[in-house]
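Report on the following structure.
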Amino acid sequence: MKHTKILGNTKKLDRDVELCRATSERIIDQATRLLVENQIPFTRDWIRIPFFQREKYRGASHICVIRTNRNRYGQARRAIDQLEAPFKQRLVLSNY
């Protein structure tokens, strides 16, 4: 059995913070396009919304959450601010 060694401080691993969330795939695609153009690393996760909470999200069955490295959060937020007003209004931005 091989043992792997993790370099660095193991308490600081996986320190991504939430950048934004939205239920529309078109909005998420615009946001990810901007992040890729600005060379900002991010992850995108689709989360299932429970049936009885869907009214809160206007009937959507899934919500997408975009996370980025906390050291690059400011740069990612400036990139998201470049979105056009109709797209930006439908994004829920975090206040990290």
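Pairs needed: first member in the stretch 64-81, in contact (Cβ under 8 Å) with a residue 60 or more places away in the chain; second member anywhere, outside any helix (DSSP H, G or I); C-beta distance under 8 Å; at least 6 residues apart or different chains.
Note: pairs meeting the criteria are I80/L19; I80/C20; I80/L91; I80/L93.
If you scan the stretch 49-65, which residues turn out to be open to solvent by less than 70 Å² (accessible area, probe 1.4 Å) and closer than 21 Å to L83 by Cβ?
First, pick out the residues of the stretch 49-65 that are open to solvent by less than 70 Å² (accessible area, probe 1.4 Å): 49-50, 54, 57, 59-61, 63-65.
Selection gives Y57, A60, I63, C64, V65.
Would you check if T68 is open to solvent by less than 60 Å² (accessible area, probe 1.4 Å), at pLDDT 90 or above and not in a helix (DSSP H, G or I)? If you could, list the steps in order and put the result at the bottom.
Working: open to solvent by less than 60 Å² (accessible area, probe 1.4 Å): yes; at pLDDT 90 or above: yes; not in a helix (DSSP H, G or I): yes.
So T68 fits the description; yes.
If I ask for residues that are open to solvent by 60 Å² or more (accessible area, probe 1.4 Å) and either assigned to a loop (DSSP other than H, G, I, E, B) or under 17 Å from F42 (Cα atoms) (or both), which ones from the stretch 71-96 would you list?
N71, R72, Q75, R77, R78, D81, Q82, E84, R90, V92, N95, Y96
Conditions: (1) closer than 13 Å to V17 by Cβ; (2) of a type outside the set (G, A, S); (3) surrounded by fewer than 14 Cβ atoms within 10 Å (Cβ to Cβ); (4) within 13 Å of the chain's Cα centre (by Cα). W46 meets all but one. Number of the miss?
So W46 meets the others, but not (1).
Name the single residue, out of those in the stretch 24-43 being free of Cβ contacts under 8 Å to residues at least 60 places away in the same chain and of a type in the set (S, T, Y), that is surrounded by the fewest Cβ atoms within 10 Å (Cβ to Cβ).
Ranking the qualifying residues of the stretch 24-43, first place goes to T43.
The values are calculated or read from the model by the stated rules, or taken from the named source; none is laboratory data. Model, not experiment: these values are computed from the prediction. As a convention, Cβ positions derive from the backbone with ideal geometry for all residues, glycine included, and neighbour counts pool all protein chains shown. Remember, those area values only see protein heavy atoms, side chains included, never the ligands or the DNA or RNA. Shrake-Rupley method; radii C 1.70, N 1.55, O 1.52, S 1.80 Å.
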